[in-house]
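What follows is one structure encoded as structure tokens, with my remarks underneath.
The values are calculated or read from the model by the stated rules, or taken from the named source; none is laboratory data. Since this is a predicted model, take the numbers as computed values, not measurements. Positions of Cβ are backbone-derived with ideal geometry, glycine not excepted, and every protein chain shown enters the neighbour counts. Side chains are part of the model used for accessible areas, which takes the heavy atoms of the whole protein and leaves out ligands, DNA and RNA. Shrake-Rupley method; radii C 1.70, N 1.55, O 1.52, S 1.80 Å.
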Amino acid sequence: MRVIHKKNSKIVDKIINHTKDNLKAYLLVAVILLIGITLGVLFVNNLQEQQSQEVQSYVNNYVEALKNGNNIDTGKLLRNSIKNNLILVLIMWFAGSTVVGIPVVLGIVWYRGFCLGYTVSSLIAIMGIGKGTLFFVTAVLLQNLIMIPCILALAVSGIKLYKSIMKDKRKENVKVEIVRHTLFSLMLLAFLMVASLLETYLSSNLFMLCIQFF
């Protein structure tokens, strides 16, 4: 038990030190994420009536289909989730490995924030605060508790690599930083696979348990 406790303490210490060492970068990507969330909320609030009705119709039809006995295809959901997370990591890893790719990385952070803000705002606008919040908590929240920090960490890793290349352009040092960025990305990919499992087997089941309340 002491060995496990020490290992957990070391992991926590590494995370804390990593965050402190890259605090400015984390603040930057967090601000970009918040801007995306805010714009997502504003976008929903300014939807035209026809567009709003289309979103409402889609959500209501989905809920009604599940109420009427249709089940969530967990196999398809898992495959799509893993594929999407794999593509996300590959794009962010590749873009973060190039000097000109940082805007792409930051754009992905912004887009994820926009999608999150759009989703929450849409659900609340369509279902009300109570049901909309319940929908979000059961169907969306759990996997995003892992996904959002991973996306922010991927972005920061790319920024760190960019800074290293700009400061020291020696090939050997650049190679070392690229390897570090790659290994870090692979570690975060493993966490995103866990997020996919949570989305498929925990969030979907929680959502189905609460479907009668929608």
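Values for this structure:
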item: Positions within region 111-122 being closer than 26 Å to Leu161 by Cα and surrounded by fewer than 19 Cβ atoms within 10 Å (Cβ to Cβ), in sequence order; result: Tyr111
item: Qualifying positions in region 173-214 - within 16 Å of Leu78 (Cα to Cα), open to solvent by 80 Å² or more (accessible area, probe 1.4 Å) and in contact (Cβ under 8 Å) with a residue 12 or more places away in the chain; result: Phe191, Leu197, Tyr201
item: Ile159 within 20 Å of Ile15 (Cβ to Cβ) and either in contact with a Pro (Cβ under 9 Å, 6 or more places away or on another chain) or of a type outside the set (Phe, Trp, Tyr) (or both); result: yes
item: Enumeration of residues in region 43-70 that are in contact (Cβ under 8 Å) with a residue 24 or more places away in the chain and closer than 30 Å to Cys150 by Cα; result: Phe43, Val44, Asn45, Val55, Val59, Val63
item: Tally of residues being more than 18 Å from Met193 (Cα to Cα) and surrounded by fewer than 24 Cβ atoms within 10 Å (Cβ to Cβ) across region 138-168; result: 10
item: Region 36-50: number of residues that are in a helix (DSSP H, G or I) and open to solvent by 80 Å² or more (accessible area, probe 1.4 Å); result: 5
item: Qualifying residue in region 52-68 (condition: under 24 Å from Ile165 (Cβ atoms), open to solvent by 40 Å² or more (accessible area, probe 1.4 Å) and charged (D, E, K, R)); result: no
item: Among the residues listed as Lys10, Lys83, the single one being assigned to a helix (DSSP H, G or I) and modelled with pLDDT under 80; result: Lys10
